[in-house]
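Trainee: This is the structure I want to talk about, given as structure tokens.
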Amino acid sequence: MTTFLLDGAGSSPSLHPSRGLLVAQPGRPLLDVVVPVFNEEDDLEPCVRRLHAHLTRALPYPFRITIADNASTDATAAIADTLQAALPEVVAVHLPAKGRGRALKAVWSASDAPVLVYTDVDLSTDLAALLPLVAPLVSGHSDMAIGSRLARGSRVVRGPKREIISRSYNVLLRRSLGARFSDAQCGFKAIRKDVADQLLPLVEDTGWFFDTELLVLAERAGARIAEVPVDWVDDPDSSVDIVRTATEDVRGILRLARAFATGSLPLAALRAQLGRAPLDQVEPAVPGVPRGLLGQVVRFGAIGVLSTLAYLALYVLLRGAVGPQAANLVALLLTALANTAANRRLTFGVTGSGGLLRAHAQGLVVFAAALGLTSGALAALHALADPSRAVELTVLVVANVLATALRFLLLRRWVFGRRG
């Protein structure tokens, strides 16, 4: 891989140490724009000439256009060679097997350009979005960028069938894999070469799910993904088999979900290499406030509110059947287990299975302290008077507030203090 210089004056402490402003080397492209094709003899030449003209006119960076011909059986290969001979920035690569993902992975892995781009041959996406797509990668602000037909400001022309399929697919990704990006399949994406080198070996799909898999892995690794609104006009002559593609996408989603559940992907190592440090680790701390405390308090408080509501609901549900002390014990135990798991991941940022049993064992000790506080308050209340249900719940809420403060201190300083 070619090493590109980082502009020290433009670097920022909030960036990963290996990422910053990219500066082109003499005689080498800063961008490699890949056009994967299979049997596109009609569209290839007008696409490449239009793309070449736009890049020459509108792009301030040196570029290369790589035609990735993946096993075409028509005149596509010959046209690609002709374009390579006619245009100095165009390169034709011929691959022996089909698959858009296979073509992109092969070309991107071998490229010497620090920013890797791809666009579909139909050029459905307006090329005016190309510079906004690559600018955050060149500056070091982002690690990957996608054109989004679903972002605010996008203008899209396509039939209702494709619109429904696209939106349904992205909803499925959010619900099944927790994806936060808005459009996985727009054929208009870019990635920094240093980030691609870490992610591409882990991407298994060789077809249309390649984009989604790369995006999900990048997001899970903590890479920053920029989304660019695009103008997009549907190609009515598209040869994509929607049913087959949807089936393969579902298989890919299940495969990724299984990999995340079993821990077979090295996400912790990827995050260490690609993830951006939290702001409280790179920005000056607030005087008198420990690093990370403000964010932890907010997240802990939100989880605490939900836990308290769940506790009160369980207590009211169980009290009539088992009595106040037993109801308090069961309700507090169940919500304490859920509370510890949520705070472990969301408040203190501890992931993976390492130390999980120990954390829950210590969480039970914290639970015992909270139980002692709430049970003691109940016992004292009933020893002094025969309270109404409203008074009893009020005392429990106050006791739980105190128990919550105690739980936060113990979790932060003892249970997750060194690991968080």
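Trainee: Quick one: if the Förster radius is 25 Å, what FRET efficiency do Arg258 and Asp112 give, using the C-beta to C-beta distance and rounding to 0.05?
Mentor: The value I calculate is 0.10.
Trainee: If the chain between Ala128 and Val365 were fully stretched, how many nm would it gain, using 0.36 nm times the residue separation less the Cα-Cα distance?
Mentor: 79.4 nm
Trainee: Provide the per residue accessible area, probe 1.4 Å, for the chain, rounded to a whole number of square angstrom.
Mentor: Averaged over the residues of the chain, the accessible area is 48 Å².
Trainee: Quick check: the distance between the Cα centres of the stretch 75-128 and the stretch 191-233, to the nearest angstrom?
Mentor: Distance between centres, Cα-based: 17 Å.
Trainee: Roughly what % antiparallel, to the nearest 5, for the DSSP beta bridges in the stretch 122-269?
Mentor: In the stretch 122-269, DSSP labels about 35 percent of beta bridges as antiparallel.
Trainee: Using alpha carbon coordinates only, what is the Rg to Rh ratio of the chain, with Rh defined as the Kirkwood radius?
Mentor: Working: Rg = 27.5 Å, Rh = 24.9 Å.
That ratio is 1.11, to two decimals.
Trainee: Also: Quickly work out the Ala246-to-Asp197 label distance, labels modelled 7 Å from Cα along the C-beta direction, and quote it in nm with one decimal.
Mentor: 4.1 nm
Trainee: How far is the Cα center of the stretch 41-62 from the Cα center of the stretch 146-163, in Å?
Mentor: Cα centres, the stretch 41-62 to the stretch 146-163: 23 Å.
Trainee: Hey, rough spin-label estimate for Leu309 and Leu393, points 7 angstrom out along Cα→Cβ, what's it come to in nanometres?
Mentor: With each label placed 7 Å out from Cα toward Cβ, I get 1.4 nm.
Trainee: Mind ordering 218-224, 333-339, 55-61 by average Cβ neighbours within 10 Å, highest first? Mind showing how you got there, number by number?
Mentor: On the way: 218-224: 20.9, 333-339: 18.7, 55-61: 13.1.
Descending mean neighbour count gives 218-224, 333-339, 55-61.
Trainee: Leaving ligands, DNA and RNA out of it, report the carbon-plus-sulfur percent of the accessible area of the chain at a 1.4 Å probe.
Mentor: 62 percent
Trainee: Tell me which DSSP H helices of the chain clear both cut-offs, 27 Å or more of axial length from alpha-carbon atoms and a mean Kyte-Doolittle hydropathy of at least -0.5.
Mentor: Passing helices, by number: 242-262, 293-322, 356-384, 389-410.
Trainee: For the pair His94 and Val157, what calculated FRET efficiency results from E = 1/(1 + (r/R0)^6), where r is the Cβ-Cβ distance and R0 = 30 Å, to the nearest 0.05?
Mentor: Approximately 0.35, to the nearest 0.05.
Trainee: To continue, here is another question. Can you tell me the mean projection area, over all orientations, of the convex hull of the stretch 187-264's alpha carbons? Units nm², please. Walk me through the numbers on the way to the answer.
Mentor: On the way: hull surface 25.4 nm².
Dividing the Cα hull surface by four gives the mean projection, 6.4 nm².
Trainee: Can you compute the FRET efficiency between Thr73 and Arg271 using 1/(1 + (r/R0)^6), with r the Cβ-Cβ distance and R0 = 30 Å? Round to the nearest 0.05.
Mentor: 0.10
Trainee: At 0.36 nm per residue, minus the direct Cα-Cα distance, what do Ala341 and Asp234 gain on full extension? Give it in nm, one decimal, please. Provide the component values of the computation, followed by the final result.
Mentor: On the way: separation 107, 0.36 × 107 = 38.52 nm, distance 4.54 nm.
Length difference between fully extended and current span is 34.0 nm.
Trainee: While we're looking at this one, here's another question. Over all alpha-carbon pairs of the stretch 83-149, lay out the pair-distance distribution in 10 Å bins, whole %, shortest bin first.
Mentor: Each 10 Å bin holds this share of Cα pairs: 15, 43, 37, 4.
Trainee: Considering only DSSP beta bridges where both residues belong to the chain, give the percentage that are antiparallel (nearest 5).
Mentor: Values: 11 of 36 bridges.
Once the DSSP bridges in the chain are tallied, antiparallel ones form about 30 percent.
Trainee: Give me P(r) over the stretch 18-127, computed from all C-alpha to C-alpha distances, binned every 5 Å, as integer percentages.
Mentor: 2, 12, 24, 25, 20, 10, 4, 2, 0
Trainee: While we're on this one: Give me the three principal axis extents of the stretch 119-222 from the C-alpha atoms, as integers in angstrom, largest value leading.
Mentor: 38, 33, 24
The values are calculated or read from the model by the stated rules, or taken from the named source; none is laboratory data. Small disclaimer: the values here were computed from a predicted structure and weren't measured. Neighbour counts run over all protein chains shown; Cβ positions are idealised from the backbone, glycine included. Surface areas here come from the heavy atoms of the whole protein model, side chains and all, with no ligands, DNA or RNA. Shrake-Rupley method; radii C 1.70, N 1.55, O 1.52, S 1.80 Å.
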